[in-house]
Amino acid sequence: MPRCWAFSCCVPGQVGRGLWWPSDWPYLAQVFLASLPLDLSLYTMHRLSHRHGFLWRLHSIHHSSRRLYWLNGERRHPLHAALMAGPGLVVLGVLGTPAEVVGGWITILAAHLAFQHANFDYRVGPLCYLLGVAELHRWHHRERFEDAQVNFGEFWLVWDHCFGTFYQPCSPLGVVGIEGDPVPHGYGEQLVYPFRAGA
Ligand SMILES: [Zn+2]
């Protein structure tokens, strides 16, 4: 049977064996192990997207919503989504992570992103220090750019603790979105917005 080099398994239902991947671990343990390089990639690219003009224009589409709701988690420019996950997926590919493991984590992440941006008041107790839930992530969506440089973590907040961007809110949330509402509202216009001169 032929084998893919990246993600190491081409046979449905069979978990492949990457050279540096602990494929003998229980499936869920492998899934959460895979979450670490992928989530660090998302955090790093997210931070860079708040610093560099072109990346910010790509990312600003995600921030442009004037209210938070569960679909906002997937409101992203497709190129930006690829850039965010790309480095982490390359690392997992080099490690020989089975496709089923990566797919399992992406499924969990997709559900998490819906809850992360959901417009309802749920609490997870002390776990809010570990997980990027709505209770803390919505502070990342404050309207003033200077106020939005906190709680970048997609799933894990451990990166925010490590790099000093964790924020425990002690003030009212205020308005979400982007000051001046610069991003167009139509989907087609949003796709070309980052590439427009003067955007
Ligand atoms: Zn952001």
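The values are calculated or read from the model by the stated rules, or taken from the named source; none is laboratory data. Worth saying up front: this structure is predicted, and the values here are computed from it rather than measured. Reconstructed Cβ throughout: ideal geometry from the backbone, glycine too, with neighbour counts over all protein chains shown. Note: accessible area is taken over every heavy atom of the protein model, side chains too, but ligands, DNA and RNA are not part of it. Shrake-Rupley method; radii C 1.70, N 1.55, O 1.52, S 1.80 Å.
Quickly run through segment 73-97 and pick out the residues that are assigned to a loop (DSSP other than H, G, I, E, B) and either without any contact (Cβ under 8 Å) to a residue 60 or more places away in the chain or open to solvent by 20 Å² or more (accessible area, probe 1.4 Å) (or both).
Going residue by residue through segment 73-97, those that are assigned to a loop (DSSP other than H, G, I, E, B) are 75-77, 96-97.
Scanning segment 73-97 gives ARG75, ARG76.
Of everything in segment 23-48, what is touching an Asp or Glu at 6+ places or on another chain (Cβ under 9 Å), farther than 19 Å from ASP147 by Cβ and within 12 Å of the ligand (Cβ to nearest atom)? Give them in sequence order.
Of everything in segment 23-48, just one residue is touching an Asp or Glu at 6+ places or on another chain (Cβ under 9 Å), farther than 19 Å from ASP147 by Cβ and within 12 Å of the ligand (Cβ to nearest atom), namely LEU42.
Scan segment 50-60 for residues that are modelled with pLDDT of 95 or more and either open to solvent by less than 50 Å² (accessible area, probe 1.4 Å) or among the hydroxyl-bearing types (Ser, Thr, Tyr) (or both) and jot them down.
Within segment 50-60, HIS50, LEU55, LEU58, HIS59, SER60 meet the criteria.
Would you say VAL192 is part of a helix (DSSP H, G or I), more than 16 Å from the ligand (Cβ to nearest atom) and open to solvent by less than 20 Å² (accessible area, probe 1.4 Å)?
Criteria not met by VAL192.
Go through segment 19-68 and report how many residues are assigned to a loop (DSSP other than H, G, I, E, B) and of a type in the set (A, V, I, L, M, F, W, C).
5
Residues of segment 72-108 being among the charged types (D, E, K, R) and either on the phi > 0 side of the Ramachandran plot or within 13 Å of the chain's Cα centre (by Cα) (or both), which ones?
GLU74, ARG75, ARG76, listed by residue number.
When both residues are 6+ apart or on different chains and their Cβ atoms are under 8 Å apart, which pairs have a first residue that lies in segment 137-159 and is free of Cβ contacts under 8 Å to residues at least 60 places away in the same chain and outside any helix (DSSP H, G or I), and a second that is among the aromatic types (Phe, Trp, Tyr) and more than 10 Å from the ligand (Cβ to nearest atom)?
These pairs meet every condition: VAL150/TRP139; VAL150/PHE166; VAL150/TYR167; ASN151/TRP139; ASN151/PHE166; ASN151/TYR167; LEU157/TYR129; LEU157/PHE166.
When HIS63 is evaluated against the numbered criteria (1) in contact (Cβ under 8 Å) with a residue 12 or more places away in the chain; (2) within 16 Å of the ligand (Cβ to nearest atom); (3) over 14 Å from the mean Cα position of the chain (by Cα), which criterion, by number, is the only one it fails?
Failed condition: (3).
Out of all the residues in segment 25-38, is one or more in contact (Cβ under 8 Å) with a residue 24 or more places away in the chain and among the β-branched types (Val, Ile, Thr)?
yes
Which one is least open to solvent (accessible area, probe 1.4 Å) among residues in segment 122-136 that are under 15 Å from HIS161 (Cα atoms), in contact with a strand residue (DSSP E or B) (Cβ under 9 Å, 6 or more places away or on another chain) and part of a loop (DSSP other than H, G, I, E, B)?
GLY132
So which pairs qualify, if the first residue must be in segment 49-60 and closer than 16 Å to ASN151 by Cα, the second must be of a type in the set (S, T, N, Q) and within 11 Å of the ligand (Cβ to nearest atom), the Cβ gap must be under 7 Å, and the two must be at least 6 apart or on different chains?
Note: pairs meeting the criteria are HIS50/GLN149; HIS59/SER49.
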